[in-house]
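Chemist: Here's a structure for you.
The values are calculated or read from the model by the stated rules, or taken from the named source; none is laboratory data. Note that the structure is predicted; figures quoted are calculated from it, not measured. As a convention, Cβ positions derive from the backbone with ideal geometry for all residues, glycine included, and neighbour counts pool all protein chains shown. Remember, those area values only see protein heavy atoms, side chains included, never the ligands or the DNA or RNA. Shrake-Rupley method; radii C 1.70, N 1.55, O 1.52, S 1.80 Å.
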Amino acid sequence: MNLLKKALFTVCALCCGMLYAQQTPVTKANYELAERFSPKKIGKMVFSTKVQPNYFKNSNKFWYSYTTSSGTEYYIVDPSAGTKRKLWDMAELAARVTEITKDPFDAQHLPINSLELVDDKYFTFEIKSSLMVPKKDKEDGNNAKKGAKENKVFKFKYDIASGKLTDISEEEKKDDYPGWARFSPDGKYAVYVKKYNLWYMDAENLKKAAKDEKDSTIVEHQLTTDGTADFPYGGRYADPYATEKELEKRVPAQLAWSPDSRHFIMVRTDVSNIKPLWVIDVLANPRPKLEAYKYQMPGEPSPKQHLYLFDFNEKSSKVIKTAAFKDQTLTMEYRPFTHKEQYEDFFSPVWLGDNGRFYFKRTSRDLKRMDICSVEVTADSCRTVIEERLNTYVEKRETRLISNGTELIHWSERDGWAHLYLFSSDGKLKNRITRGDWHVDQILGVDEAKRIVYFTACGKEKGEDPYYRHLYSATLDGTTVKLLNPGNYDFEETIMTDDNRYFVCNFSRVDTTPKSALYDNTGRKIMDLETADLSQLFAMGYKFPEIFKVKAGDGITDLYGVMYKPFDFDSTKLYPIIEYVYPGPQTEANNSAWSKSMNRIDRLAQLGFVVVTVGNRGGHPNRSKWYHNFGYGNLRDYGLEDKKVAVQQLAARYPFINGKKVGIHGHSGGGFMSTAAILKYPDFFTAAVSCAGNHDNSIYNRWWSEQHHGVLEEISEKGDTTFKYRIDTNQELAKNLKGHLLLITGDIDNNVHPGGTIRVVNALIKANKRFDMLILPGQRHSFGTMDEYFFWRMADYFSKYLMGDNTPRPVEIPEMNNN
């Protein structure tokens, strides 16, 4: 029997070897197929993929727009009644707009802009006409330069009840306020920033400013006088190189008002000890321009932050004593506005507390310590309420204050997984709300009367990809956790109503069409709302990618990935493989939901490659804290082994993958990783295209580098504190290069400075290595207007060195002309 098994095994092995030997290598790149799926062309084939509900102010009704290949439709949904209806008949509306504007429109071609619901009764919107009128100055509304013309913009009012359409183009704006106004809750005053200082004006003058910012009758009052370029008010970095004209502009202040409008708080940051960094805009006219900006690098002195409490009635302020850690960070609570608030204000800090007290977060520079502190408005110091301590770093997430300020819902990874905890307002732990080997992501709402919290989480549903997000409810006593939107999908976006009764889900997988549905808070599906229209994409030959799972380098940890094949895939061929990478640790390159952003994955595969994305230990934060922090202290190399073994497993699993022709590509952190990979494993990776990489993190920003790699805080015998930082760089590996490396950077990248790439170039030259380099002039971190040019240069590179395709190509890139 054993002999028979051995014989069968030998036959199977020989057959597999014969099948692999019969695979025909791909040697010719399919530029025509890749050209079909450029971002611009996909934008004309795929339109809406999500429903974004816009809620009525005084009900749970919402409206949304959705575009398919048939055009755009607008809908009103009433969750309570379980109904969905069209807001208007597009053909009829187009005809009425045509009659008024004298421009021809139809149902599929009616360019509605600035659509806004007013008082839950009518909509206003704008239509740009072909009629040319004297151009208005954007700042004061008066006529601009003599003779200048612009398209007339018609403004319309549409009454929901009657369906009446009215041209209101000549009506003055009513009760409109400028976007820079930070209103007090009682609506009487607003605070803003001008010339590095805080100013305020009343509601009547704000109406004047909304119509004409240069109105000489506007009365405004200066609240502070000591703001400077390096130590401004407003809660954000000021531009130390701003012109006098720019300083005169009013801008929003990052502050939070108390509920009674008596006080507000803000964090003021002193950046005087932060050194400048520069890029040179060589395309500026008439001569190259030096662009300077403040930029803190790892280990360098930090900004100094101060917490200010203002008494608006007294027009006075005081600095709260917060000192606990050297170079500490102070953070007010930030939370996206509620659906009702979106009509009054935009995203802003919130006052977490009542009229007499507020909370804020204090974090040490090494991020191993984080405190939630409380401040009484009558005091000048703070009190620590909740402490978080870890040997890697503490993540900050939203804290909710409930039960009239007597309880706090706190997010923490203190047991190695992200969970919710219920504390009393004085910091005593009452109970855990959630527990288990899964990850709580975000709090969406709290029903205080029923004592239920609603939140999104990952990894709780066994058998699913652990990155798939779902909505859950949990009782605050921690006894019950309920799944509200079951299904083997990534519910990537969930939007709840303010009263937590209903929610809209947008969901998909990489291998399914995106859908949207409406649920109630018990998990009952009320209705399906939309399914994305991918018909034109499929007509052009599109096929969904495939999901796979492999083991990490430890042979234990599961890694999840996606495989993108050519749409004309032939299983008898042998395809080079390319990994598209981003190491994290704040995310991974691997998609879990469907996306039309496919330039570096699906589209790259059409040239004739198998392109894969796969996670790595130390990557995405939505798994365990161990997984997320695996790379702590080893930020260059931690993910490289997993990238290598993933390809080895896939090549062994699939005979159509050529494990001897391996490419790797990434942008930013992925640029850093792809270069490190070809230098760390020079006999495995054949070619790398590395874009905008932070190859030397000693000159990258302090926040990303110190958080994910770590910084050593040292205290001398004299009590002086210093911070030491050291991370391995790519230039230290330059001598290892054997394969083909293309380095790309924008020359005015003020995120990842071009100097990081230049340092690798310098080391490669000194190591006497041949390599390739492309500088994109006038481009910042994302390559902007030259992203399409970059794609075809990457296509040339991988086609040449992975396929051996040396087909002579014209100097001009014809595919760009067809884009």
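Chemist: Output the strands (runs of 3 or more DSSP E) that fall wholly within the range 33-135 and possess 2 or more residues being open to solvent by 70 Å² or more (accessible area, probe 1.4 Å) and not polar (S, T, N, Q), or say none.
Modeler: 83-86, 122-134
Chemist: Report yes if Leu733 is at pLDDT 95 or above, outside any loop (DSSP other than H, G, I, E, B) and over 29 Å from Ala29 (Cβ atoms), otherwise no.
Modeler: It is true that Leu733 is at pLDDT 95 or above, outside any loop (DSSP other than H, G, I, E, B) and over 29 Å from Ala29 (Cβ atoms).
Chemist: Follow-up question, since we're still on this one. Considering only residues that are surrounded by 15 or more Cβ atoms within 10 Å (Cβ to Cβ) and either touching a residue at least 60 places away in the same chain (Cβ under 8 Å) or more than 36 Å from the chain's Cα centre (by Cα) (or both), which ones fall in the range 221-231?
Modeler: Matches in the range 221-231: Leu223, Thr224.
Chemist: Considering only the range 723-768, state which residues are of a type in the set (Asp, Glu) and out of contact with any strand residue (DSSP E or B) (no Cβ under 9 Å at 6 or more places or on another chain).
Modeler: Quick first cut of the range 723-768, residues of a type in the set (Asp, Glu) only: 728, 732, 747, 749.
Correct list: Asp728, Glu732.
Chemist: Within the range 532-629, which helices (runs of 4 or more DSSP H) (wholly inside it) include 2 or more residues that are open to solvent by less than 10 Å² (accessible area, probe 1.4 Å)? Before you say what the answer is, go through the steps one by one.
Modeler: Numbers: elements: 535-539, 602-605, 625-628.
Qualifying helices (runs of 4 or more DSSP H): 602-605, 625-628.
Chemist: Yes or no: Phe183 touching a Ser or Thr at 6+ places or on another chain (Cβ under 7 Å), hydrophobic (A, V, I, L, M, F, W, C) and open to solvent by 20 Å² or more (accessible area, probe 1.4 Å)?
Modeler: Here the answer is no, as Phe183 does not meet what is asked.
Chemist: Hey, among Lys173, Lys145, which residue is closer than 28 Å to Tyr75 by Cα, assigned to a loop (DSSP other than H, G, I, E, B), modelled with pLDDT under 95 and open to solvent by 30 Å² or more (accessible area, probe 1.4 Å)? Outline the logic, then answer.
Modeler: On the way: Lys145 fails: closer than 28 Å to Tyr75 by Cα.
Among Lys173, Lys145, only Lys173 is closer than 28 Å to Tyr75 by Cα, assigned to a loop (DSSP other than H, G, I, E, B), modelled with pLDDT under 95 and open to solvent by 30 Å² or more (accessible area, probe 1.4 Å).
Chemist: Let me ask you something else. Check the range 414-436 and report whether any residue there is under 24 Å from Ile372 (Cβ atoms), buried (at least 21 other Cβ atoms within 10 Å of the Cβ) and in contact with a Gly (Cβ under 6 Å, 6 or more places away or on another chain).
Modeler: Among the residues of the range 414-436, at least one is under 24 Å from Ile372 (Cβ atoms), buried (at least 21 other Cβ atoms within 10 Å of the Cβ) and in contact with a Gly (Cβ under 6 Å, 6 or more places away or on another chain), which makes the answer yes.
Chemist: If only one of Ile664, Ile657, Ile678 is in contact with an Asp or Glu (Cβ under 6 Å, 6 or more places away or on another chain) and in contact (Cβ under 8 Å) with a residue 40 or more places away in the chain, which one is it?
Modeler: Just one listed residue meets the conditions, Ile664.
Chemist: So for the range 481-503 (the condition being part of a loop (DSSP other than H, G, I, E, B), open to solvent by 20 Å² or more (accessible area, probe 1.4 Å), β-branched (Val, Ile, Thr) and modelled with pLDDT of 95 or more), does at least one residue qualify? Show your work before the answer.
Modeler: To start, the set of residues in the range 481-503 that are part of a loop (DSSP other than H, G, I, E, B) comprises 484-489, 497-501.
If we keep only those that are open to solvent by 20 Å² or more (accessible area, probe 1.4 Å) as well, we get 486-489, 498-499, 501.
Next, only the ones that are β-branched (Val, Ile, Thr) stay: none.
No, the range 481-503 has no match at all.
Chemist: Check off (1) free of Cβ contacts under 8 Å to residues at least 60 places away in the same chain; (2) under 29 Å from Leu367 (Cα atoms); (3) open to solvent by less than 10 Å² (accessible area, probe 1.4 Å) for Ala688 and give me the number that stays unchecked.
Modeler: (2)
Chemist: Being closer than 24 Å to Met527 by Cα and over 23 Å from the mean Cα position of the chain (by Cα) narrows it down to one of Ser473, Ser424, so name that one.
Modeler: When all the criteria are applied, what remains is Ser473.
Matching residues to (1) of a type outside the set (A, V, I, L, M, F, W, C); (2) touching a Lys or Arg at 6+ places or on another chain (Cβ under 7 Å):
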{"site": "Asp366", "(1), (2)": "yes, no"}
{"site": "Arg383", "(1), (2)": "yes, no"}
{"site": "Val394", "(1), (2)": "no, yes"}
{"site": "Arg400", "(1), (2)": "yes, no"}
{"site": "Thr406", "(1), (2)": "yes, no"}
{"site": "Leu420", "(1), (2)": "no, no"}
{"site": "Asp426", "(1), (2)": "yes, no"}
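Chemist: Kindly indicate the residue of the range 738-774 that is open to solvent by 10 Å² or more (accessible area, probe 1.4 Å) and under 14 Å from Lys680 (Cα atoms) and also nearest to the chain's Cα centre (by Cα) among those meeting that condition.
Modeler: It comes out as His740.
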